[in-house]
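The values are calculated or read from the model by the stated rules, or taken from the named source; none is laboratory data. Here the structure is a predicted model, which is why all the values come from computation and not from measurement. FYI the Cβ positions are ideal-geometry reconstructions off the backbone, even for glycines, and counts take in every protein chain you see.
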Amino acid sequence: MSADKELVHRFCTPQFIPFSEFEKNAFSNTKKVEFPFENENLTGYTWGEGKTVLLIHGWGSRASHLAVLGRFLAKAGFKVFVFDAPAHSSTTFPPKKSSTNMFEYGKAIYIVAGSIGPIYAAIGHSFGAICAAFAVSGISAFSKYKISVKKLLLISTPPKLTDVYLSFCRKDQAGENGFAVLKSTLEKEFNFISEDYTIENSLRNISSNILLIHDTEDEEFPVSDIYQLQKSFPGINIFITEGYGHKRILGNRFMMARIKDYLLDE
């Protein structure tokens, strides 16, 4: 495998995070659901009754990382679905497949949404947030995976797909040259233009009510980008937390309360 292909392979292979004690019982009071997807099934879980809310986890994350939020929203009167994206698993390691990509993420969201719809709200975190925005807007290649929701909530979202590349290259210590190689190789392999895939482009095509949630100390994507989006799109809502960073924000009770209020507000 060439160095360029190897870099892309690392990018498309989610890193495994060891299972916590909480995760072992995260779905003890849920109904397990299987969604047919290509040559395998996507595993999902559901709590509660009411309007349907779809939770979409981030890259290298999994459904169990959204279990606290799922339980909270179920108690608030919603029917909540969460699923493990391709190459991710909440119960087994290694998962059935080792690698995936943005377009498979989009297709997975589309398949799950079609199985559980109509969907009142979609809530995505990190890479799951930006993919949710692409799916709701139906931009570019996501026109094949367009879904309809009344409310879209994006937690710790990357403003642009290229920001995801930069974040990976920092962690991979690939540097500026690595970024250029990763971007060009991905675009050749999947036949797309990275600059098309931004939250700004998505917002131009979304009629849903939108809430952007971000932390002042997000170490992946700066909160200043969220303020800039609000300037460009005054109609969107934002909720800013302090001191939780990119991942720990998912356990922030103030954020969960804000989400509940936003979903309950007609």
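Worth a mention:
- Considering each residue of the range 93-101 in turn, none proves to be more than 17 Å from Asn39 (Cβ to Cβ), within 10 Å of the chain's Cα centre (by Cα) and either not in a strand (DSSP E or B) or not basic (Lys, Arg) (or both).
- Only strands (runs of 3 or more DSSP E) whose full extent lies in the range 1-91 are considered here, and the ones with at least 2 residues that are surrounded by 20 or more Cβ atoms within 10 Å (Cβ to Cβ), on the phi < 0 side of the Ramachandran plot and not aliphatic (A, V, I, L, M) are 40-47, 78-83.
- Among (1) under 28 Å from Ser115 (Cβ atoms); (2) in contact with an Asp or Glu (Cβ under 7 Å, 6 or more places away or on another chain); (3) among the polar types (S, T, N, Q) - the single one Asn209 does not satisfy: (2)
Here is a yes/no grid of residues against (1) aromatic (Phe, Trp, Tyr); (2) within 27 Å of Asp218 (Cα to Cα); (3) in contact with a Phe, Trp or Tyr (Cβ under 9 Å, 6 or more places away or on another chain):
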| position | (1), (2), (3) |
| --- | --- |
| Ile56 | no, yes, yes |
| Gly60 | no, yes, yes |
| Arg71 | no, yes, yes |
| Val80 | no, yes, yes |
| Thr91 | no, no, yes |
| Gly117 | no, no, no |
| His125 | no, yes, no |
| Ser137 | no, yes, no |
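- Test: residue in the range 46-59 that is more than 29 Å from Asn252 (Cβ to Cβ) and of a type outside the set (Phe, Trp, Tyr): no
- Of all residues in the range 112-159, those being aliphatic (A, V, I, L, M) and more than 14 Å from Leu55 (Cα to Cα) number 2.
- Subset of the range 233-266 (residues that are surrounded by 12 or more Cβ atoms within 10 Å (Cβ to Cβ) and of a type in the set (Gly, Ala, Ser)): Gly245, Gly251, Ala257
- Which listed residue, of Gly44, Gly58, is in contact with a His (Cβ under 7 Å, 6 or more places away or on another chain), closer than 28 Å to Leu161 by Cβ and at pLDDT 95 or above: Gly58
- Among the residues of the range 132-153, just one is under 10 Å from the mean Cα position of the chain (by Cα) and farther than 15 Å from Val82 by Cα, namely Ala133.
- Residue tally, condition touching a strand residue (DSSP E or B) at 6+ places or on another chain (Cβ under 7 Å), closer than 19 Å to Gly124 by Cβ and in a loop (DSSP other than H, G, I, E, B), over the range 208-245: 5
- Yes/no for Ser202 being within 30 Å of Asn252 (Cα to Cα), assigned to a helix (DSSP H, G or I) and of a type outside the set (D, E, K, R): yes
- Any hit, the range 245-254, residues being more than 30 Å from Glu23 (Cα to Cα) and in contact with an Asp or Glu (Cβ under 9 Å, 6 or more places away or on another chain): no
- The numbered conditions (1) modelled with pLDDT of 95 or more; (2) over 25 Å from Leu42 (Cα atoms); (3) not hydroxyl-bearing (Ser, Thr, Tyr) are all true for Met102 except (2).
- Flag for Ile259 being out of contact with any Ser or Thr (no Cβ under 6 Å at 6 or more places or on another chain), among the hydrophobic types (A, V, I, L, M, F, W, C) and free of Cβ contacts under 8 Å to residues at least 40 places away in the same chain: no
- Qualifying residue in the range 105-117 (condition: touching a strand residue (DSSP E or B) at 6+ places or on another chain (Cβ under 7 Å), over 29 Å from Arg253 (Cα atoms), modelled with pLDDT of 95 or more and of a type in the set (A, V, I, L, M)): yes
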